[in-house]
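Enquirer: Next up is a structure, given as structure tokens.
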Amino acid sequence: MPDTPDTRAALRRSAATGAAMLALLALLSYLGSQRFDPDAQTRKGTAPKSEAAREPKRRGDASNKNAEDDAPPARQRGANETRRADEELARLFDRQIDEGEFARARWGVFVLSLRDGRTVYARSHDRLFTPASVFKVYTTAVALDTLGADYRWRTSVYAAREPGASGTVEGDLTLYGRGAPDLDAHNRAQSSRSLEALADELYRRGVRRVRGNVVGDESYFRGEALGSGWLWEDVQWYYGAHPSALTVGGNEFTLSVAPGAREGAPVEVKLVPPTDYVRVTNEMKTSERGARPRIGITRALSSNDVRVWGGFPAGGAAYGVRLSVNRPALWAAARFRDALRARGIE
């Protein structure tokens, strides 16, 4: 799906619908966790007005017998309240699905009570769906269960031999990844300088120059780079980035365009982070003020050549898209090389 103002608006509307559904699920979870306690009703209620109210019912007492017959048992009242709550939530779910903006979409929903195992709500739950991003819930749960919440990924730098007296490493310098998902992630302050930290450590150990290549090694993962059934047109966007054992910045970059100084001038193109790993061919021109934007951006499937074309109205606000990189291990090596140079290692 192209990253355009129209698709962004559609995604925001979809997010709003999803947020409403999540709110309903949260309410379901809360209600489902409430355990009915008939004794609590007495504890929370007012004290009896007389000692007679505390006396046990006597056989043959008509007034007590009638009161017992008229009032349902406490547990039955609790079951009735639960059933009514389930029915009301089901109506809310149905209304949100049937009358919402995405009523024509296919929805599969199944809600199970963790307290007693009952089915709270079910709709098309036995149909087959493409799992899409909801599958991340399962993979994350498996990772937490297998690795634990305190697990830390290790990313290493290797060389065939120690640097000489002059600080020179003879041969290649290898950046070896083990699947860290947030290595040098620019959106997380605690890991935004990961590559710089590795360069600092090499400098502290006496490295001043490398007489070889900077190599990115992603061999820790041995699966296919592209998943079965992925759409070819999605691969260029950030949500289609290649999985890699050596992932830097989510294997994505941002390309932003802004209008030129005058009509007919080329638009200004900016890459974030700045890099020569991506090559941009800019064919987009600045159009007249107030004109409708016509934005075309595409990355070749097997390279990092990006083409930009169309028209961007003068005076318009800058517009950015997030694109994936091809061959992410080489991208990581290029980023690490830049970090080494910035630290003074040639």
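Enquirer: Order the peptides 93-100, 125-132 from the highest to the lowest mean number of other Cβ atoms within 10 Å of their residues.
Expert: Taking the mean over residues of other Cβ atoms within 10 Å, the ranking is 93-100, 125-132.
Enquirer: What whole number of Å gives the distance from the Cα centroid of region 223-302 to the Cα centroid of region 127-164?
Expert: Cα centroid of region 127-164 versus Cα centroid of region 223-302: 27 Å apart.
Enquirer: Working out 0.36 nm times the residue gap between Ala105 and Arg178, then minus their Cα-Cα distance, what length gain in nm do you get to one decimal? The partial results should precede the final answer.
Expert: Values: separation 73, 0.36 × 73 = 26.28 nm, distance 3.87 nm.
Length gained, Ala105 through Arg178: 22.4 nm.
Enquirer: If the viscosity is 1.567 mPa s and the temperature 4 °C, what translational diffusion coefficient in µm²/s does Stokes-Einstein give for region 166-317 when Rh comes from Kirkwood over Cα pairs?
Expert: Result for D is 71 µm²/s.
Enquirer: Ranked from highest to lowest mean number of other Cβ atoms within 10 Å per residue, what is the order of the peptides 274-283, 321-330, 259-268?
Expert: Per-residue Cβ counts within 10 Å, averaged per peptide and sorted highest first, yield 321-330, 259-268, 274-283.
Enquirer: Where Rh denotes the Kirkwood radius from the mean inverse Cα pair distance, what is Rg over Rh for region 124-183?
Expert: Rounded to two decimals, Rg over Rh is 1.31.
Enquirer: Could you list Trp107, Trp230 in order of exposure, starting from the residue whose Cβ has the fewest other Cβ atoms within 10 Å?
Expert: Exposure proxy ranking, most exposed first: Trp230, Trp107.
Enquirer: Put a dot 7 Å past each Cα toward the Cβ at Glu201 and Arg115; how far apart are the dots in nm?
Expert: About 5.0 nm separates the two model spin labels.
Where a number appears in this text, it was derived from the coordinates with a stated rule and is not lab data. Nothing here was measured: the structure is a model prediction, and the numbers come from that model. FYI the Cβ positions are ideal-geometry reconstructions off the backbone, even for glycines, and counts take in every protein chain you see.
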